Amino acid sequence: MERYLIMKDGTVYTGTAIGAEGTVIGEAVFTTAMSGYLLTLSDPSYYGQIITQTFPLIGNYGAIETDSESDKPYLFGYIVRELCDEGSNFRKEGELDDYLKKHNIVGIAGVDTRALTRKIRDMGVMNAMITDNLKDLPQKLAAIRKFKVKDAVEETSCKQPKEINPLDAEHKYRVVLYDFGAKRNIERMLVKYGCSVVIVPHDTTAEQALAYKPDGIMLSNGGGDPTDNTSVIEELKKLNTYNIPTFGICLGHQLLALSHGFSTVKLKYGHRGANQPVKDIKTGRTYITSQNHGYAVKASTVDPEKAEIRYINANDKTVEGLDYKRAPAFSVQFHPEACGGPKDTEALFDRFVKLMENNKRA
């Protein structure tokens, strides 16, 4: 069955229907990752967005839901060049199209994703619609242009606190993990590096977080515009005064920066993929990182008395990480916990643990 992708500028791409039935509107973005499509589909940071996979063949190892980074997919739509009908993998639990149907994800295949990616790169991220018909096109375009990603953190955060594992001889540091749409591998990495983890909802107050007597605070990834989270930023301002070791990733990095009075800016088309080069200014070393974000901390607003820019993107020189001077805190825009890799920056979890260890000794 034919299906259509309508862009905000009126461009229409014709393809074939995959996934669930229906019509969806979202923010069209692209990811350059060549593998790990299930991790992409289950990343809550994609809330409100329609994902374009630049790699031409998707679904070649089927669906493996046990690899998911969240309880369900939060993206609004899915675009591929070619969908593999029969994946091949000894761990396969089903086909990707069945997975899309099960989770009510509307998708389209047969689109020239190279042309679409060039459009987004040239014109910037734009709203789009996936639909089964072109009736009432003017009304559809009006709805597309009106769309805005809202309530991303509220919709993807957990509703109740959850303790992952207790303090014991192997897990000596209690970490409160703020869930802004956290990927599961963040908690796995914390446990791996000797932490007891308590996952808390996005609206947890500073007082509630402190009641757990944390050795560290982890601020997770998430979706949407960071400046929408005004109440979270206010609570982080309070937590900042307690000098608790803090580690922010992706949205957590942006929120920590906003809580210190810095600003964020929306990027033209963002960084999404597993091949983003990041330079450590302190050592001169360049890492290849996994990223998924559409906003960045504005470099000119970083107060050098409060923080220093530690990492920059080697392509566009945007801020990729901050080290704070008045508190035992640091944050990065990329994903050191990336389950599908690369794992070049995984050692940042060890850095976080050492911060907690030093803070306990002080």
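The values are calculated or read from the model by the stated rules, or taken from the named source; none is laboratory data. Please read these numbers as outputs of a predicted model, since none were measured by experiment. Virtual Cβ from ideal backbone geometry, glycine too; neighbours counted across all protein chains shown. Keep in mind that these areas ignore ligands, DNA and RNA; they rest on the heavy atoms of the full protein, side chains included. Shrake-Rupley method; radii C 1.70, N 1.55, O 1.52, S 1.80 Å.
Residues in region 103-118: is at least one surrounded by 14 or more Cβ atoms within 10 Å (Cβ to Cβ), more than 20 Å from the chain's Cα centre (by Cα) and part of a helix (DSSP H, G or I)?
Among the residues of region 103-118, at least one is surrounded by 14 or more Cβ atoms within 10 Å (Cβ to Cβ), more than 20 Å from the chain's Cα centre (by Cα) and part of a helix (DSSP H, G or I), which makes the answer yes.
For region 258-269, check the following and say yes or no: at least one residue is closer than 26 Å to Asp67 by Cα and under 21 Å from the mean Cα position of the chain (by Cα). Give the derivation first.
Here is the first cut: in region 258-269, the residues closer than 26 Å to Asp67 by Cα are none.
No.
Got a sec? Which of Glu27, Glu65 is within 26 Å of Asp179 (Cβ to Cβ) and without any contact (Cβ under 8 Å) to a residue 60 or more places away in the chain?
Details: Glu27 fails: without any contact (Cβ under 8 Å) to a residue 60 or more places away in the chain.
Just a single option satisfies the conditions, and that option is Glu65.
Restricting to region 119-140, give me the number of residues that are within 25 Å of the chain's Cα centre (by Cα) and among the basic types (Lys, Arg). Steps first, answer last, please.
From region 119-140, those within 25 Å of the chain's Cα centre (by Cα) are 119-130; that's our starting set.
Of the ones still in play, those that are also among the basic types (Lys, Arg) are 119, 121.
The number of residues fulfilling the criteria is 2.
Please go through region 45-63 and pick out each residue that is assigned to a loop (DSSP other than H, G, I, E, B) and either open to solvent by less than 10 Å² (accessible area, probe 1.4 Å) or modelled with pLDDT under 95 (or both). Steps first, answer last, please.
Just the residues of region 45-63 that are assigned to a loop (DSSP other than H, G, I, E, B), to begin with: 47-48, 54-56, 59-62.
Selection gives Gly48, Gly59, Gly62.
I need a count of the residues in region 166-215 that are among the charged types (D, E, K, R), under 16 Å from Asn243 (Cα atoms) and not in a loop (DSSP other than H, G, I, E, B).
Keep residues of region 166-215 that are among the charged types (D, E, K, R), which gives 168, 170, 172, 174, 179, 183-184, 187-188, 192, 203, 207, 213, 215.
Okay, now just the ones that are also under 16 Å from Asn243 (Cα atoms), so 174, 207, 213, 215.
If we keep only those that are not in a loop (DSSP other than H, G, I, E, B) as well, we get 174, 207.
Of the residues in region 166-215, 2 are among the charged types (D, E, K, R), under 16 Å from Asn243 (Cα atoms) and not in a loop (DSSP other than H, G, I, E, B).
For Asn89, state whether it is in a loop (DSSP other than H, G, I, E, B), open to solvent by 10 Å² or more (accessible area, probe 1.4 Å) and closer than 17 Å to Ala20 by Cβ. Can you show your working first?
On the way: in a loop (DSSP other than H, G, I, E, B): yes; open to solvent by 10 Å² or more (accessible area, probe 1.4 Å): yes; closer than 17 Å to Ala20 by Cβ: no.
In short, no.
Only one residue in Lys298, Lys354, Lys306, Lys325 is more than 25 Å from Ile244 (Cβ to Cβ) and either at pLDDT 95 or above or open to solvent by 30 Å² or more (accessible area, probe 1.4 Å) (or both). Which one?
Details: Lys354 fails: more than 25 Å from Ile244 (Cβ to Cβ); Lys306 fails: more than 25 Å from Ile244 (Cβ to Cβ); Lys325 fails: more than 25 Å from Ile244 (Cβ to Cβ).
Just a single option satisfies the conditions, and that option is Lys298.
Residues in region 250-264: is at least one within 19 Å of Pro342 (Cα to Cα) and assigned to a strand (DSSP E or B)? Spell out the reasoning first.
Kept after step one, since they are within 19 Å of Pro342 (Cα to Cα), are these residues of region 250-264: 250.
Next cut, assigned to a strand (DSSP E or B) only: none.
Within region 250-264 (the criterion being within 19 Å of Pro342 (Cα to Cα) and assigned to a strand (DSSP E or B)), the answer is no, since none of the residues qualifies.
Exactly one of (1) basic (Lys, Arg); (2) out of contact with any Lys or Arg (no Cβ under 7 Å at 6 or more places or on another chain); (3) in a strand (DSSP E or B) is unmet by Arg310. Its number?
(2)
Looking at region 175-198, can you tell me whether even one residue there is surrounded by fewer than 16 Cβ atoms within 10 Å (Cβ to Cβ) and either more than 27 Å from Asp350 (Cβ to Cβ) or more than 24 Å from the chain's Cα centre (by Cα) (or both)?
The answer is no; no qualifying residue exists.
Results for (1) assigned to a loop (DSSP other than H, G, I, E, B); (2) free of Cβ contacts under 8 Å to residues at least 40 places away in the same chain, shown as yes or no for each residue.
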residue	(1), (2)
Lys317	yes, yes
Leu322	no, no
Arg326	yes, yes
Phe330	no, no
Ala338	yes, no
Pro342	yes, no
Glu346	yes, no
Asp350	no, no
Val353	no, no
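Being without any contact (Cβ under 8 Å) to a residue 24 or more places away in the chain and either buried (at least 24 other Cβ atoms within 10 Å of the Cβ) or among the β-branched types (Val, Ile, Thr) (or both) is the filter here; which residues of region 237-275 pass it? Working first, answer last.
Going residue by residue through region 237-275, those that are without any contact (Cβ under 8 Å) to a residue 24 or more places away in the chain are 237, 241.
Result: Thr241, single match.
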